[in-house]
Structure formats: C-alpha cells, structure tokens
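Working notes, beginning with the structure itself.
What follows is calculated from the coordinates using simple rules that are stated; it is not laboratory data. Just so it is clear, the structure is predicted and the values come from calculations on it, not from any experiment. Neighbour counts run over all protein chains shown; Cβ positions are idealised from the backbone, glycine included.
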Amino acid sequence: MELAQVRLLVTDFAACYRFYSEVLGLKPQSGATEGPYEKFSPATGSAGIALQDRAMMAEMLGELGDAATGHRSLVVLRVDDLDAYCEQVVARGAVMLQGPTHMAARMRVAHLKDPEGNLVELQEWLLLRT
C-alpha cells in the first residue's frame, strides 16, 4: 500500500490554493487556482496534498454537508530547519498556533492553520530512525 495523497475538502478553494502554493511553497500540479481540484507536491518526498471543493464531494456522496465542525484533518510536513521555515511562512502570511517546540527527543514541531481551519504540523526530525 502507498499513500497517494492527503485530500482536504475546502469551501474557499482560491484561498486554500494560495496558502498551499504561495505561503507554504508547495508546487501545484496543474495551476487550477479556482478548483475544483488541485494536487500540491513538496520539493522532496513522494506524498502530496490535494484540495477538493467540499460542495463537489458533498454532491458526489450525497452525505457530506458544507459546514465542518472541529478538526477534520492534519497535514504533516517535514522540514530540515523548522525555525527558518517558520520564519519564512510567517513572513508570507501564516499565523503560528504554537511552536516551534520539542514534541519528543527526536522531533520538534510547530502548528498553524490554513484558511479553512485545517491543522498543519511542521516537523523537524532531530534523530532519524535507524
């Protein structure tokens, strides 16, 4: 089994597109700034993040509503230098919820939210698994 992507169901597609491409610096696959779908990839790694219009998915499944309550997702991105990356994304408009802070002996983390309120965790691995 292979993780293909994490897909976020969003209401304000354009704001989320801008956040993942311009603020976090992920590469969009097609440039579909208005949706209803776009996949983003980091500079390294194989997994990607995809945005999909929430109303489109609700129509497809006939069961999801437009309004989500609570946290419905967590996107985890690993970076080499957490402090430097946090400074960069804050300068581009992100608001940090907490961190950077130690999560365990092997990792530091910071958390922020995208324009839809989806949680994003930034990780810096201090000790790589052997």
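Neighbours of Lys39, meaning other residues whose beta-carbon lies under 10 angstrom from its beta-carbon, give a summed charge of +1 when Lys and Arg score +1 and Asp and Glu score -1.
Hey, fewest Cβ within 10 Å first, where do Arg18, Arg54 land in order? Can you show the working numbers first?
Values: Arg18 17, Arg54 22.
Lowest count first: Arg18, Arg54.
Within a Cβ distance under 15 Å of Tyr85, other residues only, what is the Lys/Arg minus Asp/Glu net charge? Mind dumping the intermediate values first?
Details: positive: Arg78, Arg92, Arg108; negative: Glu22, Asp80, Asp81, Asp83, Glu87, Glu121, Glu124.
Net charge around Tyr85: -4.
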